[in-house]
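Read through the structure below, which is laid out as structure tokens, and then see the notes.
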Amino acid sequence: MSEQELKALRVRIDALDAKVLELISERARCAQEVARVKMASLAEGEVPVFYRPEREAQVLKRVMERNQGPLGNEEMARLFREIMSSCLALEQPLKVAYLGPEGTFTQAAAMKHFGHAVISKPMAAIDEVFREVAAGAVNFGVVPVENSTEGAVNHTLDSFLEHDMVICGEVELRIHHHLLVGENTKTDSISRIYSHAQSLAQCRKWLDAHYPNVERVAVSSNAEAAKRVKGEWNSAAIAGDMAASLYGLTRLAEKIEDRPDNSTRFLMIGSQEVPPTGDDKTSIIVSMSNKPGALHELLVPFHDNGIDLTRIETRPSRSGKWTYVFFIDFVGHHRDPLIKGVLEKISQEAVALKVLGSYPKAVL
Ligand SMILES: C=C(O[C@@H]1C=C(C(=O)O)C=C[C@H]1O)C(=O)O
């Protein structure tokens, strides 16, 4: 019986694949038409905008709402993410710079957000990602901004003070770290463990318990740590799946992060303002005068209007000793009338207020 059944099922799958193929091609032709219409309606000297993050967020959301299984919502959205990425590449392949080298979590975040049909460019430091975007060499940049275990990524926050950037999206990634070794590593003689400082911090308790006397060496990225281990017999690296497979390392211990829900949030930076989708977040930088009650004054308009603050971070302003700026994220779009009112109220009290951007809440 089963041979016959299998055969029939495979015939059905082949027929379905032919339909899926035709539908994807039809969709891609539609995207090409979109490009044609956009080009035809350009004003003199106007640059076409092909990538629409707000539209993509809506497409993915609808896919998740309509999905009836058996594939899970996230899985289905991931497939559509890639289809859209390929369709957009027909209109215009996006250029995306990220905190490299290849194999970093930031690269994984970039692929999760934009899909794989982009031209990606690894940069050696967060600041270089900002500069690459500012110079117009790429359309977007991807940088880590906060980790659920270790808190803010200060380099990123400080870079916002130095560059005029628009935040156009966010993505969250579960971060799993492994202890990795190379072919030549003598696993009972490990005397050094390489990783990025953030990752060493995210695995501090595990390291204290398992390798209390081994030197922890902070390097520029997890991928760099994996690369170093390849040529050494007495060292190990802490890094994720991408770096492990890129450098052919094996896992001596898996998922060694101290908190099982360890996640990092990444931001997409560029120069494109994103219109509202109805489910957005806004990031601002505010500096207040150094007087009693300043922080209270800043927060009152949010409270009075029932606006959900998702994050508040303080950093030195870099323009005077013991003066600070606040990075605030909240739910809503800066074009919503309610949010507009709140921002006006704050700017009356603030020394400076800058809207870094409004963008769709992470869908995936
Ligand atoms: C097709 C368009 O362009 C791009 C491709 C999209 C898609 O494949 O669904 C969606 C938004 C844009 O990034 C569009 O503007 O609708």
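The table below gives the values:
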item	result
Qualifying residue in region 331-346 (condition: among the small types (Gly, Ala, Ser) and within 17 Å of Thr282 (Cα to Cα))	yes
Selection from region 133-158 of residues that are over 28 Å from Ser245 (Cβ atoms) and surrounded by fewer than 22 Cβ atoms within 10 Å (Cβ to Cβ)	Ala134, Ala135, Gly136, Ala137, Gly151, Ala152, Asn154, Leu157, Asp158
Which numbered condition Thr104 misses (of (1) hydroxyl-bearing (Ser, Thr, Tyr); (2) within 16 Å of the ligand (Cβ to nearest atom); (3) farther than 14 Å from Gly169 by Cβ)	(2)
Some residue of region 292-310 being more than 18 Å from the chain's Cα centre (by Cα) and polar (S, T, N, Q)	yes
Members of region 217-230 that are in contact (Cβ under 8 Å) with a residue 40 or more places away in the chain and outside any helix (DSSP H, G or I)	Ser220, Ser221
Residue count for region 35-59, restricted to those that are surrounded by 15 or more Cβ atoms within 10 Å (Cβ to Cβ) and either outside any helix (DSSP H, G or I) or touching a Ser or Thr at 6+ places or on another chain (Cβ under 8 Å) (or both)	6
Contacts under 7 angstrom Cβ, first residue in region 48-77 being small (Gly, Ala, Ser), partner outside any loop (DSSP other than H, G, I, E, B) and within 11 Å of the ligand (Cβ to nearest atom), 6 or more apart	Ala77/Leu60; Ala77/Val63
Qualifying positions in region 159-197 - touching a residue at least 60 places away in the same chain (Cβ under 8 Å), among the charged types (D, E, K, R) and surrounded by fewer than 18 Cβ atoms within 10 Å (Cβ to Cβ)	Glu172, Arg174, Glu183
Unmet requirement for Thr264, which otherwise passes all of (1) surrounded by fewer than 20 Cβ atoms within 10 Å (Cβ to Cβ); (2) within 25 Å of Tyr98 (Cα to Cα); (3) touching a Leu at 6+ places or on another chain (Cβ under 6 Å)	(1)
Phe327, sole failed condition from (1) surrounded by fewer than 19 Cβ atoms within 10 Å (Cβ to Cβ); (2) farther than 19 Å from Pro53 by Cβ; (3) modelled with pLDDT of 95 or more; (4) of a type in the set (A, V, I, L, M, F, W, C)	(1)
Pairs with Cβ under 8 Å, 6+ apart, first in region 318-329 and within 15 Å of Ser289 (Cβ to Cβ), second among the charged types (D, E, K, R)	Tyr324/Arg315; Val325/Arg315; Phe326/Glu313
Residue within region 6-23 that is within 15 Å of the ligand (Cβ to nearest atom) and farther than 20 Å from His113 by Cβ present	yes
Criterion: at pLDDT 95 or above, within 16 Å of the chain's Cα centre (by Cα), over 26 Å from Lys227 (Cα atoms) and in a helix (DSSP H, G or I) - qualifying residue of Val133, Val129, Val171	Val133
Options Leu88, Leu16, Leu6: the member that is within 27 Å of Leu267 (Cβ to Cβ) and in a helix (DSSP H, G or I)	Leu88
Within region 218-277, considering residues that are among the polar types (S, T, N, Q) and in contact with a helix residue (DSSP H, G or I) (Cβ under 7 Å, 6 or more places away or on another chain), the one nearest to Leu180 (Cα to Cα)	Ser235
Residue match in region 69-88 (condition: at negative phi, within 16 Å of the ligand (Cβ to nearest atom), polar (S, T, N, Q) and surrounded by fewer than 22 Cβ atoms within 10 Å (Cβ to Cβ))	yes
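The values are calculated or read from the model by the stated rules, or taken from the named source; none is laboratory data. Since this is a predicted model, take the numbers as computed values, not measurements. As a convention, Cβ positions derive from the backbone with ideal geometry for all residues, glycine included, and neighbour counts pool all protein chains shown.
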